[in-house]
Amino acid sequence: MTTNARRISILGATGSVGRSTLSLIEENPDNYEVQALTANRDVENLAATARRVRAKAAVVADPSAYGALKDALSGSGIEAAAGNAAVIEAASRPADLVMAAIVGAAGLHPTLAACRSGAAVAFANKECLVCAGPLMLAEVARHGTKLLPVDSEHSAVFQVFDAARKGSVSRIILTASGGPFRNWPRARMEGASIAQAVAHPVWSMGSKISVDSATMMNKGLEIIEAHFLFDMPEAQIDVVVHPQSVIHSLVEYHDGSTLAQLGTPDMRTPIAVALAWPDRMPVIGPSLDLAKIAQLTFEPADPVRFPALALARRALQTGGDAPTVLNAANETAVASFLGGRIGFLDIERVVEGALDALPKTVPGSIDDVVAIDKEARLFAEDFIGSRLSRRSVSIG
Ligand SMILES: NC(=O)c1ccc[n+]([C@@H]2O[C@H](COP(=O)([O-])OP(=O)(O)OC[C@H]3O[C@@H](n4cnc5c(N)ncnc54)[C@H](OP(=O)(O)O)[C@@H]3O)[C@@H](O)[C@H]2O)c1
């Protein structure tokens, strides 16, 4: 470790993005000094990682995991803590960079704390921007926070978007792999199993985002994320399905020039862009071999088989609390699907039901967002319990 090492904390250190981040840090040990690592309750991985990278603190959100964490860290000198307040405190520790990689709206308060801390924020946790976009961006502006997108599509746009001449941008084009059901008819999707839904053809990710990719709600959330990150109207954000996931997204300018960012589909690249920005860090991995890939293909997204895209656009057009409702209903429905309580296509039914019934206000504070999020989760639970017939969902 050198005196120029950047201090970094990782929220969601035991997840897919968190682990990829740590692998890059471990390949460049002189450049980073790990402050805090957080998880929900995966004590074993958190403690082992904290010891390996000599973190200063390790924190679990689940208070019942505190004893196990303390035992697992005993003799290491690493501080142990538990509870939501401790995760927020970890996010606020002095650091140069915070990786915000908690999944879902559970990351809202910790990510906000990171944005207020003076650190640059590597931004993976798209759900918190979807559920509280304008309020979160107001905090970012107030504290002069540097937001570094981690989603591969937004990292691509970030790298080719001329922010100083935003008026010359005519379109953002987000690419989508199409997910595991890209060629499935609706009737087959109705019986899709959990294992089939999480088996993404290109990317290896956590289970929630994998299901979102299968419904294409992930792309819908990304349209909302792009709208907030790049201040682009919804009508100027397009989606194209590109199954090879080599072009990670494009920006079209008024003169017809369209700039793209390409790379092998490996999350370590966009994470490395955020970790080293504005420099570049070496990443061990295969180079892009276009001659070997030979063909890049594109097709329009099918709005009939994937209505989640239109639901997300509708929430963004409605504005106010609609994106908060969309996100909370989707999180609840995805968790129910992963728990075997509802079928795959029920996810969009829950989200549509919530969007039909709930949006009515403009959240004026983060407390408002939390209250709307809670109401939408209760609505979604009730919708699942009362309106959706119990289906048999195969786990294998
Ligand atoms: N995976 C990708 O390739 C990818 C790509 C682009 C964007 N993203 C975005 O990055 C975020 C993380 O995705 P992921 O795939 O890495 O998720 P993941 O593998 O499911 O990991 C989620 C992380 O969040 C922690 N966590 C879960 N619930 C929590 C809570 N209530 N409080 C505090 N921490 C909690 C988990 O801890 P435990 O391990 O203890 O449960 C874990 O460390 C998501 O917003 C996703 O949309 C992911």
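The values are calculated or read from the model by the stated rules, or taken from the named source; none is laboratory data. The model shown is predicted, which means the values in this text are computed figures rather than measured ones. Ideal geometry is used to build each Cβ from the backbone, glycine not excepted, and the neighbour counts take in all protein chains shown.
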Sole residue being of a type in the set (D, E, K, R) and more than 16 Å from the ligand (Cβ to nearest atom), chosen from Glu89, Glu139: Glu139
Positions within segment 43-81 being of a type in the set (D, E, K, R), within 20 Å of Glu26 (Cα to Cα) and within 14 Å of the ligand (Cβ to nearest atom), in sequence order: Glu44
Test for Asp356: is it acidic (Asp, Glu) and either at pLDDT below 95 or more than 21 Å from Thr111 (Cα to Cα) (or both): yes
Residue that is in contact with a strand residue (DSSP E or B) (Cβ under 9 Å, 6 or more places away or on another chain), modelled with pLDDT of 95 or more and within 13 Å of Asp302 (Cα to Cα), where the choices are Arg186, Arg182: Arg182
Inter-residue pairs, beta-carbon under 7 Å, first of a type in the set (D, E, K, R) and in segment 362-386, second at pLDDT 95 or above, 6+ apart: Asp373/Ala105; Asp373/Cys131; Asp373/Thr324; Asp373/Ala328; Glu375/Leu358; Arg377/Ala328; Arg377/Thr332; Glu381/Thr332
Residue count for segment 156-173, restricted to those that are buried (at least 17 other Cβ atoms within 10 Å of the Cβ) and farther than 17 Å from Gly256 by Cα: 3
Odd one out for Ala95, checked against (1) without any contact (Cβ under 8 Å) to a residue 40 or more places away in the chain; (2) more than 10 Å from the ligand (Cβ to nearest atom): (1)
Enumeration of residues in segment 49-80 that are of a type in the set (Gly, Ala, Ser) and without any contact (Cβ under 8 Å) to a residue 12 or more places away in the chain: Gly67, Ser74, Gly75, Gly77
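Yes or no, residue by residue, for (1) touching a residue at least 60 places away in the same chain (Cβ under 8 Å); (2) within 11 Å of the ligand (Cβ to nearest atom); (3) β-branched (Val, Ile, Thr):
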{"position": "Ala156", "(1), (2), (3)": "yes, no, no"}
{"position": "Ser168", "(1), (2), (3)": "yes, no, no"}
{"position": "Ile194", "(1), (2), (3)": "yes, no, yes"}
{"position": "Met217", "(1), (2), (3)": "yes, yes, no"}
{"position": "Glu222", "(1), (2), (3)": "yes, yes, no"}
Enumerated strands (runs of 3 or more DSSP E) restricted to segment 180-274, each holding at least 3 residues that are surrounded by 22 or more Cβ atoms within 10 Å (Cβ to Cβ): 247-253
Close pairs (6 angstrom Cβ cut-off, 6 or more residues apart or separate chains): over 14 Å from Gly18 (Cα atoms) and of a type in the set (Val, Ile, Thr) in segment 201-212, in a loop (DSSP other than H, G, I, E, B) and more than 6 Å from the ligand (Cβ to nearest atom) anywhere: Val202/Ser177; Val202/Ser245; Val202/Pro265
Matching residues, segment 11-24, being near the ligand (Cβ under 9 Å from one of its atoms) and among the hydrophobic types (A, V, I, L, M, F, W, C): Leu11, Ala13, Val17
Looking only at segment 25-42, and only at residues there that are in a loop (DSSP other than H, G, I, E, B) and either of a type outside the set (S, T, N, Q) or near the ligand (Cβ under 8 Å from one of its atoms) (or both), the one that is nearest to the chain's Cα centre (by Cα): Asn40
